[in-house]
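Trainee: For reference, the structure I am asking about is given below.
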Amino acid sequence: MSLPKTPSFRLDGKRALVAGASSGIGMACAVALAEAGAHVTFSARRTEVLDGVVDDVCKAGFKAQAHALDVTDTAAVRALFDAQCYDIVLNSAGLARHSAAVDTTEDDYDAVMNINVRAAYFLAQQAGKAMIAAGKGGSIIQISSQMAHVGGVDRAVYCSSKHAVEGMNKAMAIEFGPAGIRVNSICPTFILTPLTKPTFEDSEKRAWIDSKIKLPRVGEVEDIMGAAVFLASDASGMITGTSILVDGGWTAG
């Protein structure tokens, strides 16, 4: 009999763009895509950090380049995709400003929504537009959050922004699907990074996190890397309009 063949997790010959690739989850995902064989464009505003990361990736034998990009600059985003179509676009750029809902300022609201929703929307829009024009399909991945599926104290604005990303993804998945473009998200729990270190060092917040995560440890960037490769590769060829929850069971109840 003829046995089924497992779809490849390899990304050889693919071009990938990772926004927010200078540190943390974004950097880890970009490295994972490069290790899987893709030529990866690491993009972020902080080019001095990007250059060092890209140099290390290339020294390791993988294909990478740096590109300065402010995802909130829609003209720059449009110009980027006018110049190059990518097979894989992963957006990890994001912002969190936490406060009680009654204390939310307009500045904080606008800042979070501008990056987490507006910038994410137009990055995906331009990525999809370029993929449709190229006629070869592709994968668009948003780094969302477990907070896109639950609520949280002092996180009304952040939760709102991530719930919006999930709705955006579903609608774009419907529209882009006929062109062979898949649109999904990865929803991490609290991941230990330099950015989240102060949260983990707060004993009260750490106790809250530990009480919600069902596994006996917190998340690390390596926990997100496999999900990124999976959603970028042919192994997830029939997955679109949904999210992978890498939350240690947080949303299970």
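The values are calculated or read from the model by the stated rules, or taken from the named source; none is laboratory data. Source: prediction; values computed, not measured. Methodologically, a virtual Cβ is constructed for each residue, glycine included, from the backbone with ideal geometry; neighbour enumeration extends over all protein chains shown.
Trainee: Hey, Ile140 hits all of (1) of a type in the set (A, V, I, L, M, F, W, C); (2) in contact (Cβ under 8 Å) with a residue 60 or more places away in the chain; (3) under 17 Å from Gly20 (Cβ atoms); (4) not in a helix (DSSP H, G or I) but one; which does it fall short on?
Mentor: Going through (1) of a type in the set (A, V, I, L, M, F, W, C); (2) in contact (Cβ under 8 Å) with a residue 60 or more places away in the chain; (3) under 17 Å from Gly20 (Cβ atoms); (4) not in a helix (DSSP H, G or I) one by one, Ile140 breaks only (2).
Trainee: What is the number of the single condition among (1) under 23 Å from Gly20 (Cα atoms); (2) buried (at least 19 other Cβ atoms within 10 Å of the Cβ) that Phe176 does not meet?
Mentor: Every condition holds for Phe176 apart from (1).
Trainee: Quick one: in the range 143-181, of everything that is in a helix (DSSP H, G or I) and among the acidic types (Asp, Glu), which residue is farthest from Val218 (Cα to Cα)?
Mentor: Among them, the one singled out is Glu175.
Trainee: If you don't mind, another one. Which residues, taken from the range 218-238, are free of Cβ contacts under 8 Å to residues at least 60 places away in the same chain and within 16 Å of the chain's Cα centre (by Cα)?
Mentor: Those that are free of Cβ contacts under 8 Å to residues at least 60 places away in the same chain and within 16 Å of the chain's Cα centre (by Cα): Gly219, Glu220, Asp223, Ala227.
Trainee: Continuing with the same structure: Just to check your reading of the model, which residue among Gly167, Gly177, Gly138, Gly128 is under 22 Å from Met238 (Cα atoms) and in contact with an Asp or Glu (Cβ under 6 Å, 6 or more places away or on another chain)?
Mentor: Answer to the check: Gly138.
Trainee: Right, another one. Restricting to the range 48-62, name every residue that is touching a strand residue (DSSP E or B) at 6+ places or on another chain (Cβ under 7 Å), surrounded by fewer than 16 Cβ atoms within 10 Å (Cβ to Cβ) and either modelled with pLDDT of 95 or more or closer than 23 Å to Ala111 by Cβ (or both).
Mentor: Listed by number, the list holds a single entry, Cys58.
Trainee: To continue, here is another question. Can you run down the residue pairs with Cβ atoms below 9 Å, 6 or more apart or on separate chains, where the first is in the range 170-190 and among the aromatic types (Phe, Trp, Tyr) and the partner is in a strand (DSSP E or B)?
Mentor: Close Cβ pairs (under 9 Å, with a partner that is in a strand (DSSP E or B)) amount to Phe176/Gly138; Phe176/Ile140; Phe176/Arg182; Phe176/Val183; Phe190/Gly219.
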